[in-house]
Each structure stands twice: as structure tokens, then as C-alpha cells.
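Let me begin by presenting the structure, written as C-alpha cells, before commenting on it.
The values are calculated or read from the model by the stated rules, or taken from the named source; none is laboratory data. What you are looking at is a predicted structure, and each value in this text was computed from that prediction instead of being measured. Glycine also receives a Cβ, built like all others from the backbone with ideal geometry; neighbour counts cover every protein chain displayed.
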Amino acid sequence: MHRISHRARMMIGCLAAALTAATALPAAAQSDVEAETAAAPLSKGEQRLSKLLEGRVAGEPVRCIRAFRNVPMQTIDGTAYVYGSGSTIWVQRTRDPKRIDDRDYLRIIRRDSTQLCREDQTVSVEPYTGMLSGAVFFEDFVPYTRAKPEAEG
């Protein structure tokens, strides 16, 4: 006969209770949370990004983009990095967009000279002291292209 310690029984009980609670969460409660999230006011960064994306359509995310020195980049505080101009721009939200600070600048440690990729080692640097302020982990780049007006028929 195997004896189960008191601690092990407590752990099993806690896990069972957690699983029961997770599976018992009604769909109505989940939709309430989704409705509250959708109704939450947009941050200033999200408002600025949505204004930049007006009239544009999202494309398939890509791992790398062309990135020559003359390609403009905008930093939207707490939201995203936006690369390019003209008909297509690429949005990079990173793994932790809340840490994006528009006062810092990006320093790419390892980069192909013509591309900026998800795998590149990137850090943010505080401009006044030159101190590293954090690591930046890219996600895929999402292209947004201006929508073509539909021909009137």
C-alpha cells in the first residue's frame, strides 16, 4: 500500500479545484471580459497608430523587411515601431510593446546590412547617458498597404 503525504494530497486537491474552476467558467463571463476589453479607451499610442493605419489593409506578417539607412522609423510610445513610408509601412509591436519608450533609440547589434529581421539582437538605449535600457524582442513585421479605391461601375 502506498501512502500519499499530506502535502501531495493538498497539491492534488488544489490542482483539481483549479481545473474544475477553469472548465466551469461560463461562456457568458468570457464574453463579458471580451466586451470590457473592446470597450476600453485606446491609449495615446494606439490612437496614434490607428491614425497612421487609416486607409491601410494589413498583409501577411513577415520575418524580415528591407531596411536601408534612409528608411524612416517612428517609435510610438508603449505601442509599436513603424518602418517605412509611402504605400506600404511595416508595424513591429515586439513581444512587450508596453516597454517601448519613444525617448529611447534602438541599437541593432547583429544585422544583415539590407534587412531587419525578427532574430536580430536589438536593445534600447537611453539617449542622454548612453546606457542600455532594455532588450527588445521583435515579433513578425506586419505590412500595411494603402487600400486601392474601388472603381465605380
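Quick notes
Residue by residue, here is whether (1) touching a Gly at 6+ places or on another chain (Cβ under 6 Å); (2) assigned to a strand (DSSP E or B); (3) hydrophobic (A, V, I, L, M, F, W, C); (4) surrounded by fewer than 15 Cβ atoms within 10 Å (Cβ to Cβ) holds:
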position	(1), (2), (3), (4)
42	no, no, yes, yes
48	no, no, no, no
65	no, yes, yes, no
82	no, yes, yes, no
85	no, no, no, yes
90	yes, yes, yes, no
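- Against the numbered list (1) among the aliphatic types (A, V, I, L, M); (2) farther than 17 Å from residue 139 by Cα; (3) modelled with pLDDT of 90 or more, residue 12 comes up short only at (3).
- Qualifying position, being crowded, with 20+ Cβ neighbours inside 10 Å and either at pLDDT below 85 or not acidic (Asp, Glu) (or both), among 76, 109: 76
- Here residue 52 fulfils each of the conditions (1) of a type in the set (A, V, I, L, M); (2) at pLDDT below 85; (3) assigned by TED's automatic domain parsing to the domain that holds residue 140 apart from (2).
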